[in-house]
Amino acid sequence: MPRILKREIDLNAYESLSGAGVPPLLSRLYAARRVADAVELQPRLAGLLPFASMKGIHDMAAELADGIEAGARFLIVADYDADGATACAVGVQGLRMLGAQVDYLVPNRAVHGYGLSPAIVEEAARLEPDALITVDNGIAAIDGVNAANELGIPVYVTDHHLPGDALPEAAGIVNPNQPGCPFPSKNLAGVGVMFYLLLALRAELRNRGAFDGKPEPDLRVLLDRVALGTVADVVKLDANNRILVNQGLQRMRAGLASPGIQALMQVAGRRMEKASVFDLGFMLGPRLNAAGRLEDMRLGIECLLAPDLETALPLAQRLHEINQSRKDIESGMKEQALALLEEVDCAGKHGLAIYHQEWHAGVIGILASRLKEKYHRPVFAFAPGSDGELKGSGRSIPALHLRDALDWIDRKHPGLILKFGGHAMAAGLSIREEGFAEFQAAFEALAREWLSPADLEETIETDGELAPGELDFDLVRTMENAVWGQGFPAPLFQGEFAVLNQRVVGEKHLKLDVALKDMRFEAMAFFHNEPLPARFVGVYAPMLNEFNGRLSIQLKLQYWEFLS
């Protein structure tokens, strides 16, 4: 059973925010997330960190500008997830806006493997580009860059993943996580890195007089895709990323979204004027990701690049259908995984590594995420690859840095892992099929050494209790429109509830009338149709509910404990 903990408030931050006129409840919420300056609550583009401190960006911008002036043909090599797809779309459209000749190529998960592999370089060479630009990949592509160099094709790497011990011999690297890069935020997604490169390239072209006598390209049109990729890649939403996401959402709500984003919102049944982080992360992101998981991410990229809604809608509808197939596959794999884990004492395990020969490599990341959420353990799920290899995808809990874990196993068990990469919370790897048992044992041994029993105990952090009258429509609307997410969690509150009435709606949701102190609210327990006791302690999020023209504050129950 999870423990409910109240977030600690930075009192100095609270006093600073309150002194700047921020309402008490909002001051409390932001101070608990270590925001001390009210300027952060007004995420304007002018507040973005300047690109000047990003290592290698000036040189790369200058060389790309040289290429544009010379009529060079650029080829973007993308990745097959939502971050890679949005980074590719932003790169293609942005470079074309700046006068470049550019096309793109996206690897097939099963045929080419991940990133700039020698196989995708061979295919890229047939298109006779003058240079390759990677997005959301490349920092670990030593063999791929070498293959391109042998063919006389320079490679410009834009990435955000953590580098290995050696860097590729690329013509240029822009990555805030590369050694020696002083850029203050290390949390940019791949699409964010590409957007920054476009800002630097536009500045370089401006200095060369490329826009004399004509309007400069307005790169703000790309921000809806930047926001989508940033949220979908689950990077930490630090102050800089919150600006990017907020600006993208503002454009969407103002009716300025690109046709592809409009189409994705439409097939998802969402309202553009109320676009939210939830829409980006749970509605649009999965539909985009499904193409790369099961079919061809070109579908997603073409949707994001569509010139009009008429072109975008059929592509978005196809993405929607693929996502439905993904859900069906995922459901079957989850049942198989739970059956496998019935034979394992999960309470006695610190890390889980599971494999099934019938699993689909495109969906194991989602499966690992679901199992991590269920058991609060770091999880690797494996599926068959090619030539006797297994492809693994992992998801972790806050106490264990997954890429560091793979690096440790690789050093302790040389040759076991064929290749790996990733972040603190998500990582991928390849091993030989006969090495699965060894990896399983090594991962468990590492998890036992690195994790304490307290680390394996799930906690739910809340912002405490609400006093009567603290919630009003404006405050709830402000909270709904704000940018919350990874590393900057959405507000949750706790309290002791008395149930006045309850009933099942839509066959699978519980709707309640509840009393909370001296307040009465309507509450919803989604995907739960069993009655709750007369009194319980609950964790909830307030939200606005509009029905038949009537606006009310509704509580979304996230967790509850019965009172003895």
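The values are calculated or read from the model by the stated rules, or taken from the named source; none is laboratory data. Just so it is clear, the structure is predicted and the values come from calculations on it, not from any experiment. Virtual Cβ from ideal backbone geometry, glycine too; neighbours counted across all protein chains shown.
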Report task. Answer yes if at least one residue in the stretch 219-241 is assigned to a helix (DSSP H, G or I), over 21 Å from the mean Cα position of the chain (by Cα) and assigned by TED's automatic domain parsing to the domain that holds Ala100, and no otherwise. Result -> yes
Query - Enumeration of residues in the stretch 94-130 that are buried (at least 19 other Cβ atoms within 10 Å of the Cβ), touching a Lys or Arg at 6+ places or on another chain (Cβ under 8 Å) and over 22 Å from Phe420 (Cα atoms) - result: Leu98, Val102, Pro129
Requested in this report: Could you tell me whether any residue of the stretch 42-63 is over 30 Å from Val174 (Cβ atoms), hydroxyl-bearing (Ser, Thr, Tyr) and part of a helix (DSSP H, G or I)?
Outcome: no
Query raised in the report: Which of the residues belonging to the stretch 303-319 are part of a helix (DSSP H, G or I) and surrounded by fewer than 20 Cβ atoms within 10 Å (Cβ to Cβ)?
Result: Leu309, Glu310, Thr311, Leu313, Pro314, Gln317, Arg318
Report task. Just name the residue that is surrounded by the fewest Cβ atoms within 10 Å (Cβ to Cβ) out of those in the stretch 405-418 that are in contact with a Phe, Trp or Tyr (Cβ under 9 Å, 6 or more places away or on another chain) and not in a loop (DSSP other than H, G, I, E, B). Result -> Trp408
Requested in this report: Select from the stretch 476-490 the residues that are over 22 Å from the mean Cα position of the chain (by Cα) and surrounded by 17 or more Cβ atoms within 10 Å (Cβ to Cβ) and list them in ascending order.
Outcome: Val476
Query raised in the report: Would it be correct to say that Ile366 is under 26 Å from the mean Cα position of the chain (by Cα), closer than 19 Å to Gln336 by Cα and either crowded, with 22+ Cβ neighbours inside 10 Å or not aromatic (Phe, Trp, Tyr) (or both)?
Result: yes
Query raised in the report: Which of the residues that make up the stretch 42-57 are in contact (Cβ under 8 Å) with a residue 12 or more places away in the chain, farther than 16 Å from Pro184 by Cα, surrounded by fewer than 17 Cβ atoms within 10 Å (Cβ to Cβ) and not charged (D, E, K, R)?
Result: Leu45
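A quick yes/no check of all residues on (1) assigned to a loop (DSSP other than H, G, I, E, B); (2) of a type in the set (Val, Ile, Thr); (3) in contact (Cβ under 8 Å) with a residue 40 or more places away in the chain; (4) within 17 Å of Arg220 (Cβ to Cβ):
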{"residue": "Asp79", "(1), (2), (3), (4)": "yes, no, yes, no"}
{"residue": "Gly84", "(1), (2), (3), (4)": "no, no, yes, no"}
{"residue": "Cys88", "(1), (2), (3), (4)": "no, no, yes, no"}
{"residue": "Arg96", "(1), (2), (3), (4)": "no, no, no, yes"}
{"residue": "Asp103", "(1), (2), (3), (4)": "no, no, no, no"}
{"residue": "Arg109", "(1), (2), (3), (4)": "yes, no, yes, no"}
Requested in this report: Looking only at the stretch 76-91, decide whether some residue is of a type outside the set (A, V, I, L, M, F, W, C) and surrounded by fewer than 21 Cβ atoms within 10 Å (Cβ to Cβ).
Outcome: no
Requested in this report: Determine whether the stretch 483-490 contains at least one residue that is touching a strand residue (DSSP E or B) at 6+ places or on another chain (Cβ under 8 Å) and without any contact (Cβ under 8 Å) to a residue 40 or more places away in the chain.
Outcome: no
Query raised in the report: Do we have Ile431 as touching a residue at least 12 places away in the same chain (Cβ under 8 Å), in a strand (DSSP E or B) and either farther than 25 Å from Val235 by Cα or in contact with a strand residue (DSSP E or B) (Cβ under 7 Å, 6 or more places away or on another chain) (or both) here?
Result: yes
Query raised in the report: In the stretch 367-402, how many residues are touching a Gly at 6+ places or on another chain (Cβ under 8 Å) and more than 24 Å from Lys334 (Cα to Cα)?
Result: 0
Query raised in the report: Taking the stretch 378-390 as the search range and keeping residues that are surrounded by fewer than 23 Cβ atoms within 10 Å (Cβ to Cβ) and not small (Gly, Ala, Ser), which one is farthest from Glu457 (Cα to Cα)?
Result: Asp387
Report summary line: Sole miss for Lys374 among (1) in contact with a Leu (Cβ under 7 Å, 6 or more places away or on another chain); (2) without any contact (Cβ under 8 Å) to a residue 60 or more places away in the chain is condition (1)
Query raised in the report: Given (1) among the small types (Gly, Ala, Ser); (2) assigned to a helix (DSSP H, G or I); (3) free of Cβ contacts under 8 Å to residues at least 24 places away in the same chain, where does Ala454 come up short, assuming only one miss?
Result: (2)
Query raised in the report: Somewhere in the stretch 115-123, is a residue over 17 Å from Phe74 (Cα atoms), outside the structural domain of Asp407 (by TED's automatic domain parsing), in contact (Cβ under 8 Å) with a residue 24 or more places away in the chain and assigned to a helix (DSSP H, G or I)?
Result: yes
Report summary line: Per the filter on the stretch 144-165, residues at pLDDT 95 or above, more than 28 Å from Pro217 (Cα to Cα) and not β-branched (Val, Ile, Thr) are Gly144, Asn146, Ala147, Ala148, Asn149, Glu150, Leu151, Gly152
Report task. State which residue is farthest from Met60 (Cα to Cα) when the search covers only the stretch 131-167 and only residues that are of a type in the set (D, E, K, R) and assigned to a loop (DSSP other than H, G, I, E, B). Result -> Asp165
Report summary line: From the option list Leu516, Leu563, Leu500, single residue qualifying as more than 34 Å from the chain's Cα centre (by Cα), at pLDDT 95 or above and farther than 24 Å from Lys274 by Cβ is Leu500
